[in-house]
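For reference, the structure is listed below as C-alpha cells.
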Amino acid sequence: MNNFLLSALIFLPIAGSVVVLFLPSTFRDSFRWISLIVSVINLLNILTLYNNFDRQVSNYQFVEQHEWIRMSLGNLGVLSIDYLLGVDGINMPMVLLSGIILLIGSISSFTIEYRQKAYHSLYLLLSGSIIGCFVSIDFFLFFLFFEFMLLPMYFLIGIWGSEHREYAAIKFFIYTLVGSILILIVMIGLSMSVKDPFFSQEMGRTVHTFDFRQLTDFNNFIPHSILHPYEKQMIFGVPARLFAFILLIVGFGIKLPSVPFHTWLPDAHVEAPTPVSVVLAGILLKVGAYGFIRIAYGFFPDIAYQFTYIVAGAGVISIIYGALNALAQEDLKKMIAYSSISHMGFVLLGLASLTLEGVNGAIYQMFGHGLVSAMLFLVAGVIYDRTYNRLIKNFRGLSSAMPYFTLAVAVAFFGALGLPTLPGFMGEFFTILGGFQSEILPNWVSMLAMLGIVLSAAYFLWTLQRMFFGTFWANSNQEGKMQDLDFREIVMLYSLSAFSIIIGIFPSLIFDISGVSVKAFLNGF
Amino acid sequence: MLEKLSHILFSSRLLLPDLLFGVVFLAIVATIAFSQKLDVERTYRLFNMLMITVLISSGLVFYALFEFYKQDFESVSALFGQLIYLDSISLFFKIIISIASLAVLIHVWVLGYKVVGEFYAIFMALVWGLFIMTMTTNWLMLYVSLELVSICSYILVVFNKEKDNSEAGIKYLLFGATSSAIMLYGISLLYGMTGTLNFVGQEFATFLSQNPTWIVQIAVFMTIGGLLFKLSAVPFHSWTPDVYEATPTPIVAFLSIAPKAAVILVLIRLFSSLSIDFRMIMAIIIMASITIGNFSALWQTNTKRMLGYSTIAHAGFMLVGLLATNPIGIQSTIFYITTYLFITLAAFLLIDLMALKTESYELESLRGLGQQNTFLGLAAVIIMIALVGLPPTVGFTGKLLLFTALWESYQSSGSNMLLVVLIFGLLNTAISIFYYIKIPYYMIFKEPKIGVRYYPIGFIRNGFLLIFLFFIIYLFMSPSGLINLIESLKLA
C-alpha cells in the first residue's frame, strides 16, 4: 500500500510546471529540456508500473488512499471524498499511452519559440492532469482532473494556434464544459444515492462516497434513492437511471467525440499547434472513451445492456460520417481530424458489443489509435512547419524529395487504415468481431462498420497518391523548402512507428493487461 | 420597570461591539463637524487618522465577535423584548460582514482613493445597519435596519459627484424606494393575516397557514421584494449594472457582498418558519436571475458592468440553497456566501488594479496586460474560473454543495421542478464561462496596443490581491474547517 508511484506520475509534471513558471526568463532555453526530462522520467516510471503490474488480478493495483474531504451534511450523513488512485487493466494501457504520447509531445514542442515559459508550464500542467484523470478512481478526483485539463488546453490552443485559434479555443472550451456539467449532474446524483458500507457502519451514519469500487456495487445503493437500480424511479417520465446514462453518454460523447457532438474537434485540431494536436488526438479523446467504459457502462450496467444499441449506433454513424467527411477534406489536418472521429467510432462499437473481444478490442483500438493519430498529426506538422500550408492539392510527389518522411507516412497511413501487423488492423478486427459475436447487436451494424474500413482505405490511399506519388511539385515554388526529416522528427516518427509495429505484431502486450479486468467488467452485465 | 431596565442593560452589554460602531459613527461626525478650515495636509492626516480608527474599531469588533462566538450559545439570547435575537449564526454573519468591510477599507486605502471624512461616518452607519439586520426577527426592526442600510448606500453611491454617477444614484434611489414601499405593503398584509410582527415564532406560522395559499404567496413575495432588491435578484435587479458601472469600485465590492449576506440570513430565518410552499416562486426567481444575469453579461464591454450582471446571476445561485429547504441547503448557502466574499472582493480588486494600470474599465484596454504582467494574468484566470465555478477554486466547491443540497431535496420530495433548476443552473455555468473568460482572454491572447503606457502596481497591492487568491485556492483544498464551523451554527 505504501506506494507513491501514481502520485509521482501526477505531481512530477505539476511540480515541473511550477518550477518553469518561477524560473527567470534568462533560463528560457532550458524550459524545453525541463519538460523533456520530466516526460522521460514519467515514462520510465510508467514502464516500471507496467512491469510490476499483476496481470492475473482484476482489482485495482498500486492503490493510494488518503482521506481528503469529509463534509458533514447534517442528518443526511457525510460526504466523503478521498484522494484515491489505482490502476487496473482498463486504465493501465491508457497510462502507458499517456506516457508515450506526452514524451513525443514534449519533443515536438521543441519547435515552439513563442513564449516558451508559459507554453512549457501549461504543457506540464496538462500532462499532470491527464495522468491524474486516468489514475483517479474516486469520481470527484476524476472529475477534478477532467475539468482541469480544459484550462491548459484552452490556453495552448488559444495562444499558440494558427489563424482562427481564438474561435477554436473558446468552442472547445464551451463544448467540453457543457459535457462535463452533464457528468457533474450524474456525479452529484450518484454520490447521493450510494453509501460506503464499511465507513457507514463504522461511523454510524450514512457516508456518501465517490469511490469507483463502491459505485459499481448495486448493494451499496441507499433504499429510495433516485438512482437505485431496482426501484424504478422516474424523472420526467423517463427512468432515472436511463436519464443519468444519457447525460453521461452525451457528456463523454462530446469529449470522445462522437457524431453529433463532434463539431469542436476539426476546429480545435486544425488550429492547435502540432504538439497540442498530438496530445489532443493521442490522449484527450481517449479520456472520453475511458469515461464511457469506466463510468457510463461501469456504473449503469443494467441500462447500458438495455440501451447499448444507442452507443453502437453513435459509433457506427461516427465511423461512416467521419470517414465520408475525411474523404471530402482538402486540408490534410482536417482530414486527419475527421479520420480520428471515424476511428474512435470503433471504440464505441467494440464497447457496445459487450463481448470479451469487443471490449478488449476497444481498449486496444484506443491504444493503437493514440499512437497512430499522434503520428498522423506529426506528419501534418512536418509539412506545415516547412511551408505553412496544409492543403493536400498543394503538394505532389513528395516521396522523391523526402524518402524518410514518406516511409513514416506510409506506416502512419497504413496503420490507420488497418493493414495487418499495424495497430489499426487489430483494433478494427476485434471490435468488429465483437460486434458480430454480440447477442445484442444485429449483424448489419458491424457490416456498416466494415464499410468504414473501406472508406478509410480510400481516403488514406487517395491522399497518399495525391501527395506523395508522381513528379515532385509544391505550390508557389516551395520545392526548395521540402527537406527531409531532421533528427528530432526522425526520433519522434520512427519511435512511434516502432511502437506501432511492436503493438501490431504483439497485441498481447495490451490484451494481457486488459484481459482479466475486462472479464470482471463484463461480469457486471 | 426595574426588570425592564435590567433587561435593557443586559441586552446592551451583549451588543457592546455593535454599539461601539454607533459611538465611532458619532465620533467621526463630531470630529468633522468641529474641525473646519483645515489645510489640505492636515485634512489628509485627519482622514488617515479616521481610517486607522475605523480599522482598529473594526478589528476590535471582529475580535469581540469572535470571542462571543467561541462561547457556545446553547440558548438564544432574545434581546430588547424579543426585537433582536443574538445567536451564533448572526455572529457568524457579522464576522463575514466585518471581514468584507475591513477588506473594502483596505482596498480604499491601498489604492489611494481620495475620500472625504463623511465617507467613513456613513460607512460605519451602513455596517451598523447590516449588523442589526443579521439579528432581526421582527418586521419592524427589519424595515428599520434595511432603511438604514439603503439610505447609507444611496449616499455612498453618489459620493464622488460625477454626472453618470448621479444618474445611477437617482436610479438606485428610485428603485430602492419603490421596493421598500412594496415591502412595507407586503409586511402590512402579513401583519394583518397573522397579527404578529415576529416572523420566526410559532404564532406566525400557525396564523399564516390559515390563509389562502395564493394570497400568502403574493404577500410574501411583496415582502421579500425589498430584500431581493438588496440581493439584486430578478425582478428587482435593473439598478445593478448602472450603479456598478458608475460607483467607485470599493463601494461596489462592498455592495456586492455585505448587504447580500445580511439579506440571505434574513431570508434563511424567514423561510425556516414559513408554513407555505413558496418553492415555485423561488424557482422562477432563481432561474430568471441566473439567465438574465448571464445572458446580459455576454454583451458587455465594460468590466464593471459585466461584473454587475454577474452578481445578478450569483444572487440566483445564492438562493438555490434556500430552495432546497433542508439543513444542508442552508449550510451550503452560508458556505457559498462565505466563499463568494473572497471571490467577489478579489474580482473587484483585480479590475481596480487593472484600471490603475490602464486607467480604464473597458475590456479593450486590457489587451496584452497579462503578457506584460504575468501575475495579473494568472490572478485573472484564477478569479474568473472561481466565478464560473471550476476547480481548483472554491467556487466549484460552493456550487457543488449547493447542487448536492438541491439534489437531496429533489430526492426526498420528488418535485421535478427542483431537478429543472439543478440542470438549468449548472448548464448556465457553461454560458457564463463565455464572458468571464473574456477578461483573461483579452489580457493574455490579444497583443498589447502599441504606445500604451502602463503604470506600476506596487508590492502592497499585489500582496493584498494574493491574500484573496490564497483563500480561493486554500478553501478548495481543505474546506472541512469552514464546513464544520458552519455546521456548528445554530439557528434561532
Has the stretch B:457-467 got any residue that is of a type in the set (A, V, I, L, M, F, W, C), in contact (Cβ under 8 Å) with a residue 24 or more places away in the chain and within 11 Å of another protein chain (Cβ to nearest Cβ)?
no
On the given criteria, is A:Ile46 at pLDDT 90 or above, part of a helix (DSSP H, G or I), more than 24 Å from the chain's Cα centre (by Cα) and not polar (S, T, N, Q)?
no
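In this structure, is A:Val178 under 30 Å from A:Arg241 (Cα atoms) and more than 8 Å from chain B (Cβ to nearest Cβ)?
On the way: under 30 Å from A:Arg241 (Cα atoms): yes; more than 8 Å from chain B (Cβ to nearest Cβ): no.
No: the conditions fail for A:Val178.
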Does the stretch A:47-63 include one or more residues that are loosely packed, with under 14 Cβ neighbours inside 10 Å and within 14 Å of another protein chain (Cβ to nearest Cβ)?
no
What number of residues in the stretch B:248-273 are touching a Leu at 6+ places or on another chain (Cβ under 7 Å) and not in a helix (DSSP H, G or I)?
1
Kindly check whether there is at least one residue in the stretch B:240-250 that is touching a His at 6+ places or on another chain (Cβ under 8 Å) and touching a residue at least 24 places away in the same chain (Cβ under 8 Å).
yes
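Can you tell which of A:Gly204, A:Gly189, A:Gly161 is facing another protein chain (nearest Cβ under 9 Å) and more than 19 Å from the chain's Cα centre (by Cα)? Before you say what the answer is, go through the steps one by one.
Values: A:Gly204 fails: facing another protein chain (nearest Cβ under 9 Å); A:Gly161 fails: facing another protein chain (nearest Cβ under 9 Å).
Criteria check complete, one pass: A:Gly189.
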Does the stretch A:68-80 hold any residues that are at the interface with chain B (Cβ under 7 Å from one of its Cβ atoms), surrounded by fewer than 21 Cβ atoms within 10 Å (Cβ to Cβ) and part of a strand (DSSP E or B), and which are they?
A:Ile69, A:Arg70, A:Ser72
Which of the residues belonging to the stretch B:394-409 are of a type in the set (Val, Ile, Thr) and more than 7 Å from every other protein chain (Cβ to nearest Cβ)?
B:Val394, B:Thr397
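Pull up the stretch A:142-158, narrow it to residues that are under 18 Å from B:Tyr441 (Cβ atoms) and more than 8 Å from chain B (Cβ to nearest Cβ), then point me to the one that is surrounded by the fewest Cβ atoms within 10 Å (Cβ to Cβ).
So the first thing to find is which residues in the stretch A:142-158 are under 18 Å from B:Tyr441 (Cβ atoms), and the list is A:150-158.
Add one more test, that the residue is more than 8 Å from chain B (Cβ to nearest Cβ), and what stays is A:152-153, A:156-157.
Values: A:Pro152: 22, A:Met153: 25, A:Leu156: 27, A:Ile157: 27.
This residue is A:Pro152.
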Identify, by number, the condition in (1) surrounded by 22 or more Cβ atoms within 10 Å (Cβ to Cβ); (2) away from chain A (no Cβ under 13 Å) that B:Glu359 doesn't meet.
(1)
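Go through A:Tyr119, A:Tyr114, A:Tyr83 for me and flag whichever is surrounded by fewer than 23 Cβ atoms within 10 Å (Cβ to Cβ), of a type in the set (Phe, Trp, Tyr), more than 21 Å from A:Pro197 (Cβ to Cβ) and within 14 Å of chain B (Cβ to nearest Cβ). Let's see the steps before the verdict.
Working: A:Tyr119 fails: surrounded by fewer than 23 Cβ atoms within 10 Å (Cβ to Cβ); A:Tyr83 fails: more than 21 Å from A:Pro197 (Cβ to Cβ).
Exactly one of A:Tyr119, A:Tyr114, A:Tyr83 is surrounded by fewer than 23 Cβ atoms within 10 Å (Cβ to Cβ), of a type in the set (Phe, Trp, Tyr), more than 21 Å from A:Pro197 (Cβ to Cβ) and within 14 Å of chain B (Cβ to nearest Cβ), namely A:Tyr114.
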B:Ile473 touching a Ser or Thr at 6+ places or on another chain (Cβ under 8 Å), surrounded by fewer than 22 Cβ atoms within 10 Å (Cβ to Cβ), at pLDDT 90 or above and more than 7 Å from chain A (Cβ to nearest Cβ)
yes
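So which residues in the stretch B:410-424 are at the interface with another protein chain (Cβ under 10 Å from one of its Cβ atoms) and touching a residue at least 40 places away in the same chain (Cβ under 8 Å)? Outline the logic, then answer.
So in the stretch B:410-424, the residues at the interface with another protein chain (Cβ under 10 Å from one of its Cβ atoms) come out as B:410-412, B:414, B:416, B:419-420, B:422-423.
Answer for the stretch B:410-424, where residues must be at the interface with another protein chain (Cβ under 10 Å from one of its Cβ atoms) and touching a residue at least 40 places away in the same chain (Cβ under 8 Å): B:Ser412, B:Val420.
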Can you run down the residue pairs with Cβ atoms below 6 Å, 6 or more apart or on separate chains, where the first is in the stretch A:440-457 and under 18 Å from A:Ile336 (Cβ atoms) and the partner is assigned to a loop (DSSP other than H, G, I, E, B) and of a type in the set (Asp, Glu)?
none
Pick out the one residue from B:Val216, B:Val127, B:Val144 that is under 27 Å from B:Leu26 (Cα atoms), surrounded by 22 or more Cβ atoms within 10 Å (Cβ to Cβ) and not acidic (Asp, Glu).
B:Val127
Consider B:Phe271 against the criteria (1) farther than 28 Å from B:Asn198 by Cβ; (2) away from chain A (no Cβ under 14 Å): it satisfies all of them except one. Which criterion is unmet?
(1)
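Right, A:Phe487: closer than 30 Å to A:Tyr384 by Cβ, loosely packed, with under 14 Cβ neighbours inside 10 Å and among the aromatic types (Phe, Trp, Tyr) or not? Write out each step before concluding.
Details: closer than 30 Å to A:Tyr384 by Cβ: yes; loosely packed, with under 14 Cβ neighbours inside 10 Å: yes; among the aromatic types (Phe, Trp, Tyr): yes.
Yes; evaluated as a whole, the condition is true for this residue.
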So which residues in the stretch B:167-195 are surrounded by fewer than 18 Cβ atoms within 10 Å (Cβ to Cβ), among the β-branched types (Val, Ile, Thr) and farther than 30 Å from B:Leu255 by Cβ, if there are any at all?
none
Need the failing condition index for B:Pro391 against (1) within 12 Å of another protein chain (Cβ to nearest Cβ); (2) assigned to a helix (DSSP H, G or I); (3) closer than 27 Å to B:Met443 by Cα, just the number.
(2)
In the stretch A:218-247, the residues that are farther than 19 Å from A:Val78 by Cα and either of a type in the set (D, E, K, R) or in a strand (DSSP E or B) (or both)
A:Glu231, A:Lys232, A:Met234, A:Ile235, A:Val238, A:Pro239, A:Arg241
Filter the stretch B:330-346 down to residues that are more than 12 Å from the chain's Cα centre (by Cα) and more than 15 Å from B:Ser256 (Cα to Cα) and give me whichever is surrounded by the fewest Cβ atoms within 10 Å (Cβ to Cβ).
B:Gln331
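Only one residue in B:Tyr336, B:Tyr340 is away from chain A (no Cβ under 14 Å), modelled with pLDDT of 85 or more and assigned to a helix (DSSP H, G or I), so which one is that?
Details: B:Tyr336 fails: away from chain A (no Cβ under 14 Å).
That would be B:Tyr340, the only listed residue that is away from chain A (no Cβ under 14 Å), modelled with pLDDT of 85 or more and assigned to a helix (DSSP H, G or I).
The values are calculated or read from the model by the stated rules, or taken from the named source; none is laboratory data. Here the structure is a predicted model, which means the values were calculated and not measured. No Cβ is skipped: glycine too gets one built from the backbone with ideal geometry, and neighbour counts run over all protein chains shown.
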